[in-house]
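Here's the structure, in structure tokens; my notes come after.
The values are calculated or read from the model by the stated rules, or taken from the named source; none is laboratory data. Fair warning: this is a prediction, and the values are worked out from it, not measured in the lab. When we count neighbours, we look across all protein chains shown, and the Cβ atoms used for this are built from the backbone with ideal geometry, even at glycine. These accessible areas exclude ligands, DNA and RNA; they are computed on the full protein's heavy atoms, side chains included. Shrake-Rupley method; radii C 1.70, N 1.55, O 1.52, S 1.80 Å.
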Amino acid sequence: MRQATVTDRVWRHFLDLRAGRVPARPAFRPTAAEAAALALYAPLAQRSGLAAEPRRAVTVAQIGQSLDGRVATISGDARDISGSDGLCHLHRLRALCDAVVIGVRTALHDRPRLTVRLVPGPSPARVVIDPDGRLPDDAPCLADDGCRRVVVQALDRPRPRGIEVIRLPREGWIDPADVRAALSRAGFGTVLVEGGGITIARFLEARVLTRLHVAVAPLIIGSGAPSLTMRPIDRLRDALRPPTSVYGLGDEVLFDCDLATSATRKAGMADTSAVCA
Ligand SMILES: NC(=O)c1ccc[n+]([C@@H]2O[C@H](COP(=O)([O-])OP(=O)(O)OC[C@H]3O[C@@H](n4cnc5c(N)ncnc54)[C@H](OP(=O)(O)O)[C@@H]3O)[C@@H](O)[C@H]2O)c1
């Protein structure tokens with residue numbers, strides 16, 4: 001496991017890289033911990049708005065969970081699962097992505113703002129998957145603060161001016177590949193799927209993710225919402241086994257799973273390594 005330390009010069013490098021101001025190789029000689037941070041965030045730091053070419057689409061999901069694989073208590077309290085290091089990591093991901101996606105249950109329960117507050121950097125567009133139009137128009141994530149706001153719906157439900165609606169068909173679930181393609185068409189290159197577990201699991205099952213970040217915090221909840229619930233399999237040989245790098249983030253451990261280069265990717269959503277090198 002490598003300890004990843006995001007110093008000011010490392011973070012400045014990523015913000016400059018996203019803005020197209022510097023080449024991928026940093027102009028300084030990194031320490032071992034900085035080199036780990038560079039390796040961790042490099043796959044996400046492609047230039048903002050590179051959306052038109054689906055082969056370049058980066059779709060990362062991040063979930064913060066306890067040692068026993070829970071993402072919230074039974075009552076839905078998820079706020080303090082990640083400590084300050086895990087939260088900074090999440091805000092870094094937001095700052096490096098064009099759009100952040102959540103399911104409507106998280107939007108209703110947590111009422112998140114989805115802005116970048118713990119690190120310097122731009123806030124992403126906010127996207128809520130809300131098939132039945134349950135999200136109230138005054139939800140914090142729909143507040144008009146200059147960021148784009150998008151609701152993915154399966155029905156016609158008018159939204160106030162300024163909120164973009166993507167209407168997609170559903171057969172049971174809306175196909176996450178349709179969601180991703182629509183977000184690419186809307187101009188979003190790098191997309192963060194932030195939760196909750198239901199939403200991330202659908203993207204994972206649909207083979208739409210290029211990366212999965214699982215941040216494990218040192219607490220045991222013992223009950224509550226499980227991290228990722230997917231279709232049952234009988235044999236462990238059918239489990240996903242993506243190439244994974246492990247990073248220390250303070251007292252949390254981050255598993256960075258590379259889904260882009262594995263055979264688990266859906267045809268047509270190809271390797272992004274060339275973009276991110
Ligand atoms: N620890 C963490 O990292 C973390 C992160 C985020 C949230 N959370 C916690 O997780 C809990 C909520 O998560 P959750 O897993 O229950 O729900 P969720 O993923 O937030 O939302 C799921 C809902 O979103 C809609 N949805 C998402 N993907 C869809 C698709 N492909 N097609 C159609 N509808 C789709 C559906 O809405 P309908 O129900 O209307 O059909 C679905 O039931 C909260 O307690 C929250 O605090 C934890």
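Per-structure values
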| read-out | value |
| --- | --- |
| Order by protection proxy (mean Cβ within 10 Å, highest first), peptides 142-154, 227-239 | 142-154, 227-239 |
| Only Lys, Arg (+1) and Asp, Glu (-1) charged, at Cβ; the chain dipole about Cα centre in debye | 700 |
| Positive-end residue of 116, 179, 223, charge dipole of the chain with Cβ unit charges | 179 |
| Shape category assigned to the chain from the gyration tensor of Cα positions, a/c cut at 1.5 | rounded |
| Carbon and sulfur %, accessible surface of the chain computed with the full protein complex present, 1.4 Å | 53 |
| Rounded to 5, percent antiparallel among DSSP beta bridges of the chain | 35 |
| The chain - mean residue ellipticity at 222 nm from DSSP helices (-39,500 (n - 2.57) per run, n ≥ 4, rounded to 500) | -6500 deg cm²/dmol |
| Surface accessible to a 1.4 Å probe, per residue, for the residues of the stretch 2-276, Å² | 47 |
